[in-house]
1. For the residue pair residue 16 and residue 50, what label-to-label distance in nm results when each label sits 7 Å from Cα along the Cα-to-beta-carbon direction?
2. Using per-residue counts of other Cβ atoms within 10 Å, averaged over each peptide, order 56-62, 11-17 from highest down.
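Read-outs: derived from the displayed coordinates by stated rules, not from any lab. Please read these numbers as outputs of a predicted model, since none were measured by experiment. Backbone-built Cβ (ideal geometry, glycine too); neighbour counts: all protein chains shown.
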């Protein structure tokens, strides 16, 4: 087998693997495939996601971070 053909087959294999992994990661959820069209359960799910995100990224609300420690210059 020529080196050029080997290289082309390797590149095609890598591209095919990348497409397969991308489709596996970005596959549509079952709720979108059902076609039921019910907006209420999705809205509740969005509200739960928003609450969980705020709880995770919100930080400690009891600490004052506005007047925090200042960094001293190194010179």
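1. Once both label points are built, they end up 4.5 nm from each other.
2. By packing density, highest mean first, the sequence is 11-17, 56-62.
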